[in-house]
Amino acid sequence: MPGLIVILFLTLCTPAAKAAESVYRVDPVTDGIVLGGASIAVALPYLFSSKVVNKRCPCDPSEVNAFDRPVIGNDSQFALLASDLTVAATIVSPAVFEMMDVGVGSLFVEDAVVFAEAVLVTAALATLTKHAVQRPLPRAYAGDPDYLNSAEGYRSFFSGHTATAFSALSAFAMTLHYRHRPGVWPWFAVGVIGSSVAVERVLGGVHFYSDVLVGAVVGIGIGILVPYLHRKEIAGGNLSIVP
């Protein structure tokens, strides 16, 4: 359902192009290295997570700053499920829209490479930061036994779900801007849908306010930067790919 809503919204708000044009420059070697490196940076920390993470709780909630402390005690399973479905929709929906827009061909592949690079680089940065910081989740501070003795309970900062949603949506909005210039509507979707993921993660008790705020900033930043660095033309000439 979230994916259908995203596709319908963007289909109605995006003007049709007279002829689909290539907007990105991709390089198989350079982009392959970036995609491969980012994938490894995501996989390896999780593979060795149980050995790397220091499971130090039970923890005193008073050590949490006053801004984040009210989140401790949240435990909505429905919100967690909704966040998983929404993030999945932000990955799948752009691909479906792209196939409807440009078909399955070279343009789709170019756009998909840029989109995947933005998402994977975001995920890699979130994963490395989580395992470096090892901040306990709100549920760990609340004494939830499912998180106290699990590596999952110490990967709060920053929110990977939030960062991924904002990155995917921002990268897609950049592609729409370069090809169709649809105005503010895609960015409205970025804000609303990305924020819904952030709220759901907080209500689920797996992230603090600061976790999702940083995740949103990182996601938007990478989601804009990666497409920009791949863009074929800018004012004054061409732009070579510099991942």
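The values are calculated or read from the model by the stated rules, or taken from the named source; none is laboratory data. None of these values were measured; they are calculated from a predicted model. In this analysis, Cβ positions are derived from the backbone assuming ideal geometry, glycine residues included, and neighbour counts consider all displayed protein chains. To get the accessible areas, we keep the full protein, side chains included, count just its heavy atoms, and leave off ligands, DNA and RNA. Shrake-Rupley method; radii C 1.70, N 1.55, O 1.52, S 1.80 Å.
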TODO: Measure out, as a whole number of angstrom, how far apart the alpha-carbon centroids of the stretch 137-180 and the stretch 44-93 sit.
DONE: 8
Open item on the list: Keeping all protein chains in the complex and leaving out DNA, RNA and ligands, what accessible area do you get for Ile220 with a 1.4 Å probe, in Å² to the nearest 10?
Closed with: 60
Open item on the list: So with the 1.4 Å probe, I'd like the accessible area per residue for the chain, rounded to whole Å².
Closed with: 47
Open item on the list: For the chain, what does the helix formula give at 222 nm: sum of -39500 (n - 2.57) over DSSP H segments with n ≥ 4, over the residue count, nearest 500 deg cm²/dmol?
Closed with: -21500 deg cm²/dmol
- [ ] Report, to the nearest whole %, how much of the accessible area of the stretch 51-96 belongs to carbon and sulfur atoms, 1.4 Å probe, protein only.
- [x] 63
Task: Ranked by how many other beta carbons lie within 10 Å on average, peptides 123-135, 154-166 from highest - done: 154-166, 123-135
Open item on the list: Between helix 28-47 and the chain, what is the angle of the helix's C-alpha long axis to the longest principal axis, kept within 0 to 90° and rounded to the nearest 10?
Closed with: 10
